[in-house]
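What follows is a single structure, written as structure tokens, with notes after it.
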Amino acid sequence: MSNHYYSKSQDAAHERKTHQTTLRGKMFKFVTDSGVFSKTGVDFGSRVLIEAMEFPRTSEVLDVGCGYGPIGLAAATLADQGRVTMIDINERAVQLATENAVVNGMQNVDVRQSDVYEAVRGMEFDVILTNPPIRAGKATVHRIFEEGCGLLRDGGSMWVVIQKKQGAPSAKEKLEQLFGDVEEVTKEKGYRIFRATK
């Protein structure tokens, strides 16, 4: 049986490829594989989030559902005096993100295998970034919002990319219930970027 990219373990045959791409003006090399999200290159939604996100250089950042690492590693270049923790339930994605951090010379990252926030309980962050796993269902996406709110310091922000047709209106409503202060930072080709501030 083939597993979803949000499954813990993958049994899909390996199909490793290396992609080069420019994010925030920096050239990155990403090794991808079957069984992970957007294995053919950085997806459009992640790109929109990466280009929109802003935070201080000293930020403690958490990338939820990091996949093979494009959002978290781009964040690590912005938070070059801070630290980025990257988490994903998918063991193969975690291995790739760890490898891609090394390939791209990123020292300020920590990659952990985690079912939602299990591996970062008790930690605090200034920024949470997520391109949530829509196919995992609304309950999982809302859990990412709810539990993430509790891990943010006061004044911290959660950045979310979500397509309008995949539930952006209900996602915004949920974020407003939790945070109160939610801004639509940008929208592009049906993708919305929300910044929810605690």
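The values are calculated or read from the model by the stated rules, or taken from the named source; none is laboratory data. Everything numeric in this text was worked out from a predicted model, so none of it was measured. Using ideal geometry, Cβ is built from the backbone for each residue, glycine included, and neighbour counts are taken over all protein chains shown.
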Among the candidates Gly190, Gly155, residue that is free of Cβ contacts under 8 Å to residues at least 40 places away in the same chain and surrounded by fewer than 22 Cβ atoms within 10 Å (Cβ to Cβ): Gly190
Pair list, Cβ under 8 Å, 6 or more apart: the range 22-36 residue more than 11 Å from Leu73 (Cα to Cα), other residue assigned to a loop (DSSP other than H, G, I, E, B) and among the aromatic types (Phe, Trp, Tyr): Val31/Tyr68; Thr32/Tyr68; Asp33/Tyr68; Gly35/Tyr5; Val36/Tyr5; Val36/Tyr68
Residues (on the phi > 0 side of the Ramachandran plot and in contact with a His (Cβ under 8 Å, 6 or more places away or on another chain)) located in the range 36-65: Gly41
Subset of the range 50-83 (residues that are in contact (Cβ under 8 Å) with a residue 60 or more places away in the chain, touching a Leu at 6+ places or on another chain (Cβ under 7 Å) and not in a strand (DSSP E or B)): Met53, Phe55, Ile71
Residue within the range 94-109 that is part of a strand (DSSP E or B) and either modelled with pLDDT of 95 or more or surrounded by fewer than 19 Cβ atoms within 10 Å (Cβ to Cβ) (or both) present: yes
Some residue of the range 22-34 being outside any helix (DSSP H, G or I), closer than 23 Å to Phe194 by Cα, touching a helix residue (DSSP H, G or I) at 6+ places or on another chain (Cβ under 9 Å) and of a type in the set (Phe, Trp, Tyr): no
Conditions (1) touching a residue at least 40 places away in the same chain (Cβ under 8 Å); (2) over 17 Å from Phe179 (Cα atoms); (3) surrounded by fewer than 15 Cβ atoms within 10 Å (Cβ to Cβ); number of the one not met by Arg121: (1)
Any pair with Cβ under 7 angstrom, 6 or more apart, that starts in the range 84-106 at a residue that is under 17 Å from Ile144 (Cβ atoms) and ends at one that is modelled with pLDDT under 95 and of a type in the set (Lys, Arg): Ile89/Lys8; Asn90/Lys8
